[in-house]
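Here's the structure we're looking at; comments come further down.
Quick note: the coordinates plus some simple rules give every number you see, no bench work behind them. The shown structure was predicted, so the numbers you read here are calculated from the model rather than taken from an experiment. So basically every Cβ, Gly included, is an ideal-geometry build from the backbone, and we count neighbours across all protein chains shown.
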Amino acid sequence: MYDTVIIGAGPAGMAAAIYAMRAGLNLALIEKNPVSGGQVLNTWEVDNYPGLPGINGFDLGMKFKEHVDRLAAPCIDDEVTGIAREETADAAVYRIRLAEGGELVSRTVILAAGASHARLGVPGEEALTGKGVSYCATCDGNFFRGREAAVIGGGDVAVEDAIYLSRICSRVTLIHRRDALRATKVLQEELFGISNITVRWNTVVKEIQGTDRVTGLTLEDTVTGARETLAVDAAFVAVGILPDTGLAAGLVETDAGGYIPAGEDGATALPGFFVAGDARKKRLRQIVTAVADGANAATAVQDYLMRLKK
C-alpha cells in the first residue's frame, strides 16, 4: 500500500516526489517516457528559471532527475492505463493499472501527467522546434529581442503572445486562418492599437522554412489560394493546449479545455486525488509553477494522510 502514486515525471511530478520523500511518504513515481523531465527536455534554452539563467532544457530536466535519484525515490518506467477508486472499511484507495501488467494500490494519487501544445503539423515544425519554433512566448520571446516574429493563432493566448512580443521584437505578425479573432474584445482592442503588430487574416502556415534556424514561413491565403514567403526569425505557435487528463475521466470533472479544477494545494473535488502541473486549471503554465504545484500537492497529500489517521 503506497501513501501516494505520482503519475508523470516532469517538473511537477519530480518536485512532488522530492517533497514526498522528504516527508517520509511511501511513494511511487511513474513515467511512461524513456527519459524523465517532461516538456522541458525539448526546450533549447531556459532563461527564466530562477538561479539557472540560460540553462539547456535537457540539462535542467536531468538536474531534477538527479535530485529525485539522490533521495532514492522509487521510479517505475511504465504507462498508467487506468485509475479506479475503491471504497474500503477505513478509507477509499486507488488502484493504478500499468501497461506492462499488474497494479499499484495507493491511498492517494497525484496526477502530474502534464499537457502538450497543439501542433500545426506542417513541414519544418518538428525539426525547427527550439530553433525558432516555440510554443511559449513568455519562455522564449527574449531570445528574439529586436528581431521579427510571427504568432500563429487567434485566441486569447495568441493575442496575448503577440502583445507581449511587440514589446520585445521589432515586428510581430499575427497569422489567423479566419477573418475575425476569437480573443476577448479588450485584448483585440489592445492588439489593434499597437503599431508594430500586423494581422494577416484568412491565412495559414503551410511550411516553416530554415535549416539550423527559422528563416521564414510559407503562407497561403485561404480565400485565393495564393502563396508567399514571410521572412521571420521566430514562429510562436498558439493554436491550443492539450492537457493529458484522460486518466481522470470518470473520476473528476474537467473544464471545457480539459483541465482539472483544483486550488493551489492541488486537491480536486475527489478526496485523495490531487493534480499538479500543466493539467491543473490555472493562469500560468511554466516550469516554475509546475514545480510549485508539485511541492504543494505533496504537502497536501501529507496533510490528507494525517487526517485519515485521526
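Arranged by the count of other C-beta atoms within 10 angstrom, fewest first, what order do Met62, Met21 take? Before the final figure, lay out each step's value.
Numbers: Met62 16, Met21 20.
The fewest-first ordering by Cβ neighbours comes to Met62, Met21.
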Completion exercise
The Cα radius of gyration of the range 165-310, divided by 2.2 N^0.38 Å with N its residue count, comes to 1.45
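In deg cm²/dmol and to the nearest 500, what is the mean residue ellipticity at 222 nm of the chain if only DSSP H runs of at least 4 residues count, each as -39500 (n - 2.57), divided by the residue total?
On the way: 6 runs with 72 residues, N = 310.
That calculation yields -7000 deg cm²/dmol at 222 nm.
If you average the sequence gap of Cα pairs under 8 Å that are 6 or more apart and divide by the length of the chain, what percent do you get for the contact order? Provide the component values of the computation, followed by the final result.
On the way: 718 pairs, mean separation 64.7, N = 310.
Relative contact order of the chain: 21 percent.
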Practice task
On a C-alpha basis, how far is the centre of the range 69-115 from the centre of the range 227-291 in Å? Whole number, if you could?
Solution key: 20 Å
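Before anything else, pin down the relative contact order of the range 119-237: Cα pairs under 8 Å, at least 6 apart, normalised by residue count, whole percent.
Numbers: 262 pairs, mean separation 38.3, N = 119.
About 32 percent, as a whole number.
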Exercise for the section: May I ask you to derive the relative contact order of the range 180-310, considering only C-alpha pairs under 8 Å and at least 6 residues apart, and to give it as an integer percent? Expected result: 12 percent
Practice task
Run the dipole for the range 57-149 about the Cα centre, Lys and Arg Cβ at +1, Asp and Glu Cβ at -1, nothing else charged, and hand back the magnitude in debye, nearest 20.
Solution key: 400 debye
Handout entry: Over 29 Å [Cα-Cα, the chain], rounded percent
Key = 41 percent
Practice task
In whole angstrom, note down how far apart the Cα centers of the range 147-190 and the range 22-60 are.
Solution key: 29 Å
Practice task
Could you list Phe58, Phe274 in order of exposure, starting from the residue whose Cβ has the fewest other Cβ atoms within 10 Å?
Solution key: Phe58, Phe274
Problem - Long-range HN-HN contacts of Arg200 with modeled amide H, under 5 Å - result: Leu174, Ile175, His176
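Please report Lys32, Lys309 as a ranked list, fewest other C-beta atoms within 10 angstrom at the top and most at the bottom.
Lys309, Lys32
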Completion exercise
Computed over the chain: longest principal axis from alpha-carbon atoms vs helix 57-70 long axis, angle to nearest 10 degrees, is 10 degrees
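Quick check on my link table: of Lys32/Lys282; Lys206/Lys282; Lys185/Lys281; Lys32/Lys185; Lys65/Lys281, which ones sit more than 30 Å apart, alpha carbon to alpha carbon?
Lys206/Lys282; Lys32/Lys185, as the Cα separations exceed 30 Å there.
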Problem - C-alpha long axis of helix 11-22 to longest principal axis of the chain, angle in ° - result: 30 degrees
Exercise for the section: Round to the nearest 10 and give me the degree value, 0 to 90, for the angle of helix 156-166's Cα axis relative to the longest principal axis of the chain. Expected result: 60 degrees
Fill in the blank from the handout: In vacuo Debye sum over C-alpha of the range 119-237, base-10 log of normalised intensity I(q)/I(0) at q = 0.11, 0.20 Å⁻¹, listed in q order, is -0.31, -1.06
